[in-house]
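Written below as structure tokens is the structure these notes are about.
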Amino acid sequence: MRLHQAQSLLVIVDFQAGLLPVIDGGESAIEEAAWLAGVANAVKVPVWLTEQYPERLGGTAPALLNALGEHRIWQKHHFSAMEEAPFAAALAEHGPKQVVICGTEAHICVLQSALGLLEAGYQVFWLSEATASRRSDEARLARERACANGAVAVSADMVAYEWLYRCDTALFKDVHQRFLKPRSPLAVTFF
């Protein structure tokens, strides 16, 4: 199945200041999540963030917040965002069928949120390079378990190009200049 911009939502789970110092690869995961959030804003895909028990773990890391455009923050106490009634109700009302998910910790809140989304009938896309845990083995196992239950592992580039769909539009040219071209010195020019 291919991602469609009009049916998508980007959910960034618990990139919180109090948690990040112990996350293996946390900084690079935040960079990837922020990059894709920028693309999401450009193509009008909503960006939602969750914060697990922020009174103890702090809010979303400033490095991520400073890089974000339009977004919505959901605070939660369940490990799965889908167990929080306001989140689940807003998701059902918003109507996306496809959820791109990333964040920390992969084996706890990201995994349980992904499984809850799958149980509720959503298509889940696991953004691999933007999902991390304290130990890399736990992040790998979480991705494998999510995918064994129906999620699809993706990269940020895969998602961006699927949302863009074609290369002969003004939107593609804008996003290519702002986000895609700088990512690689070997980037292909389509115009």
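The values are calculated or read from the model by the stated rules, or taken from the named source; none is laboratory data. All values derive from a computational prediction rather than experimental measurement. Counting neighbours? That spans all protein chains shown, and the Cβs are built from the backbone with ideal geometry, glycine included.
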*Check 95, 103, 38, 116 and return the single one that is in contact with an Asp or Glu (Cβ under 8 Å, 6 or more places away or on another chain), under 30 Å from residue 180 (Cα atoms) and not aliphatic (A, V, I, L, M).*
103
*Filter result (part of a helix (DSSP H, G or I) and in contact with a Lys or Arg (Cβ under 8 Å, 6 or more places away or on another chain)) within region 36-54*: 38, 42
*If you take the residues in region 38-53 that are in contact with a strand residue (DSSP E or B) (Cβ under 6 Å, 6 or more places away or on another chain), among the hydrophobic types (A, V, I, L, M, F, W, C) and in contact (Cβ under 8 Å) with a residue 60 or more places away in the chain, which one is surrounded by the fewest Cβ atoms within 10 Å (Cβ to Cβ)?*
45
_Per-region count, region 54-65, residues at pLDDT 95 or above and surrounded by fewer than 18 Cβ atoms within 10 Å (Cβ to Cβ)_ = 1
*asked:* Could you go through region 160-178 and let me know if any residue there is within 28 Å of residue 21 (Cβ to Cβ), crowded, with 19+ Cβ neighbours inside 10 Å, modelled with pLDDT of 95 or more and under 19 Å from the mean Cα position of the chain (by Cα).
replied: no
*For region 26-82, how many residues are among the charged types (D, E, K, R) and farther than 19 Å from residue 100 by Cβ?*
3
*Scan region 128-138 and give yes if some residue there is in contact with a strand residue (DSSP E or B) (Cβ under 6 Å, 6 or more places away or on another chain) and small (Gly, Ala, Ser), otherwise no.*
yes
_Residues within region 97-119 that are touching a residue at least 40 places away in the same chain (Cβ under 8 Å), surrounded by fewer than 20 Cβ atoms within 10 Å (Cβ to Cβ) and either in contact with a Ser or Thr (Cβ under 7 Å, 6 or more places away or on another chain) or part of a helix (DSSP H, G or I) (or both), tallied_ = 0
_Pairs with Cβ under 7 Å, 6+ apart, first in region 1-23 and under 19 Å from residue 68 (Cα atoms), second of a type in the set (Gly, Ala, Ser) and assigned to a strand (DSSP E or B)_ = 12/103; 13/103; 14/103; 15/103
_Quick check on my filter: what residues within region 159-175 are part of a helix (DSSP H, G or I) and touching a residue at least 24 places away in the same chain (Cβ under 8 Å)?_
159, 160, 162, 163, 164, 171, 174, 175
*In the list 75, 112, which residue meets the criterion of being within 15 Å of the chain's Cα centre (by Cα) and at pLDDT 95 or above?*
112
*Residue among 145, 134, 178 that alone is in contact with a helix residue (DSSP H, G or I) (Cβ under 9 Å, 6 or more places away or on another chain) and part of a loop (DSSP other than H, G, I, E, B)*: 134
*In region 71-94, residue surrounded by the fewest Cβ atoms within 10 Å (Cβ to Cβ) [restricted to those that are of a type outside the set (A, V, I, L, M, F, W, C), without any contact (Cβ under 8 Å) to a residue 60 or more places away in the chain and touching a Leu at 6+ places or on another chain (Cβ under 9 Å)]*: 72
*asked:* Could you go through region 124-131 and let me know if any residue there is in a helix (DSSP H, G or I), among the acidic types (Asp, Glu) and modelled with pLDDT of 95 or more.
replied: no
